[in-house]
Amino acid sequence: MTQKVRLPSPFKLVTYDTIDSTNEEAKRLARDGVPSGVVVWAKEQTSGIGRRGRKWISEIGNLYFSILLRPDCSAFKAMQLSFLASLCMAENIKDVLPDTAIVNCKWPNDVLVEERKISGILLETQTLPQGDIDWLVIGIGLNIKSFPEDLEFPATSLTHEGAKNDICAEIMLELFSHRFLSNYKIWKEMGFEPIRKAWLCRVAWIGEKITVRLEHETLVGKFKALDKDGALILLDNGDERRITAGDIFV
Ligand code: BTN
């Protein structure tokens with residue numbers, strides 16, 4: 001049975017049984033001029049998109065949604081919202097799993113349970129000529145009932161990690177929207193620092209040796225810190241490298 005989803009104002013929900021990609025639909029709506037706060041949710045996606053052009057397998061039973069926002073800020077600052085979103089998702093996941101579950105945020109914006117990926121975020125923006133944002137779409141996938149087995153990084157789902165059977169996409173979407181809204185207000189009033197601090201309380205692998213896969217090179221070093229803007233600081237043979245995009249592994 002499908003539950004009614006109630007999102008707090010100013011969110012406005014647009015629901016589909018099947019769509020190509022909720023990010024693509026949110027971008028189409030953004031280009032048509034719909035206001036900030038629209039949330040596109042689909043029960044399944046036929047062409048779900050992951051970071052760096054990867055496919056996001058999107059079977060019925062998991063959560064797929066995209067939030068369209070028009071924050072009054074630069075594209076650079078808007079990237080901080082992916083940390084905010086992964087923090088909110090991690091906190092909600094923690095709330096619905098057994099107390100012993102270890103839930104971490106993996107840089108830049110994945111959520112892991114017991115070192116397996118359970119949620120991923122794809123942030124896309126359109127910038128105006130003077131550098132500010134026209135719109136921003138935060139697309140989020142959460143494995144609830146199933147997870148893909150054949151990925152280079154191991155995955156998991158809420159059910160697999162012991163969540164109760166009644167935990168479903170509707171509940172997780174509602175929980176997320178409330179948590180996101182209160183943290184979004186904090187971000188607007190106080191900036192990135194409180195979000196950064198909270199995210200660091202959940203971070204995976206800080207202080208450890210990691211491999212960082214960039215578009216054209218792979219680096220190995222120590223995950224030293226997260227800087228004030230969300231870049232990863234890697235200590236590589238005594239040199240500090242500031243990394244703003246990539247995939248990390250241990
Ligand atoms: C990642 O690669 O980790 C990011 C995955 C993002 C997937 C979500 S599912 C909802 C939204 N629609 C998409 O096509 N992608 C994002």
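Under a model in which nothing but the beta-carbon of Lys, Arg (+1) and Asp, Glu (-1) is charged, the stretch 13-123 shows a dipole of about 480 debye around its Cα centre.
Note on the chain: GNM, Cα springs under 10 Å; of Leu87, Leu219, Leu136, the largest mean-square fluctuation is that of Leu219.
Ranked by solvent-accessible area (1.4 Å probe, protein heavy atoms only, all chains present), the residues Asp166, Asp99, Asp247, Asp134 order from largest to smallest as Asp99, Asp166, Asp134, Asp247. The listed residues Arg116, Arg52 rank as Arg52, Arg116 when sorted by accessible area, largest first, using a 1.4 Å probe.
Can you tell me the dipole magnitude for the stretch 116-218 around its Cα centre, using point charges on the Cβ only (Lys, Arg +1; Asp, Glu -1), in Debye to the nearest 20? Kindly include the intermediate steps, with their values, before the conclusion.
Details: 12 positive and 15 negative charges, 97 e Å.
Here the size comes out at about 460 debye.
Taking all protein chains as shown and a probe of 1.4 angstrom, Thr46 keeps an accessible surface of around 100 Å². The heavy atoms of Thr211 present about 40 square angstrom of accessible area, all protein chains included, probe 1.4 Å.
Think of each Lys and Arg Cβ as +1 and each Asp and Glu Cβ as -1; about the Cα centre, that makes the dipole of the chain roughly 440 debye.
With every protein chain in place and a 1.4 angstrom probe, the accessible-area ranking of Ser9, Ser157, largest first, reads Ser9, Ser157.
Taking amide H atoms as placed 1.01 Å from N in the peptide plane, the amide H of Trp56 lies under 5 Å from those of Gly48, Ile49, Gly50, each 5 or more residues away in sequence or on another chain. Taking every protein chain into account, the 1.4 Å probe leaves Val40 with about 0 Å² of accessible area, to the nearest ten.
What a 1.4 Å probe finds exposed on the stretch 209-249 is 45% carbon and sulfur by accessible area, rounded to a whole percent.
Report summary: the helix-based calculation at 222 nm, which adds -39500 (n - 2.57) for every DSSP H run with n ≥ 4 and divides by the residues of the chain, gives -7500 deg cm²/dmol.
Within straight-line reach of Lys145, meaning a Cα separation under 16 Å, sit the following aspartates and glutamates at least 8 residues removed in sequence or on another chain: Glu44, Glu59, Glu161, Asp166, Glu170.
Amide H contacts of Trp107: Ala204, each under 5 Å away and 5 or more positions distant or on a separate chain (H built 1.01 Å from N in the peptide plane; Pro and chain starts excluded).
Quick test of the membrane-span-like rule: which DSSP H helices of the chain reach at least 27 Å along their long axis (C-alpha atoms) with mean Kyte hydropathy at least -1.0? It would help to have the intermediate numbers written out before the result.
On the way: long enough: 169-190 (31 Å, -0.08).
What comes out of the filter, once short or polar helices are dropped, is 169-190.
Structure note, pairs Lys43/Lys94; Lys106/Lys228; Lys12/Lys197: Cα-Cα distances above 27 angstrom occur for Lys12/Lys197.
For Leu13 and Thr211, what does the FRET efficiency come to when R0 = 45 Å and r is the distance between their Cβ atoms, rounded to the nearest 0.05?
Rounded to the nearest 0.05, the efficiency is 0.70.
The values are calculated or read from the model by the stated rules, or taken from the named source; none is laboratory data. All figures in this text were calculated on a predicted structure; none of them were measured in a lab. Cβ sites come from the backbone with ideal geometry, for glycine too, and all protein chains shown count toward neighbours. Heads up: the accessible areas ignore ligands, DNA and RNA and are worked out on the full protein's heavy atoms, side chains in. Shrake-Rupley method; radii C 1.70, N 1.55, O 1.52, S 1.80 Å.
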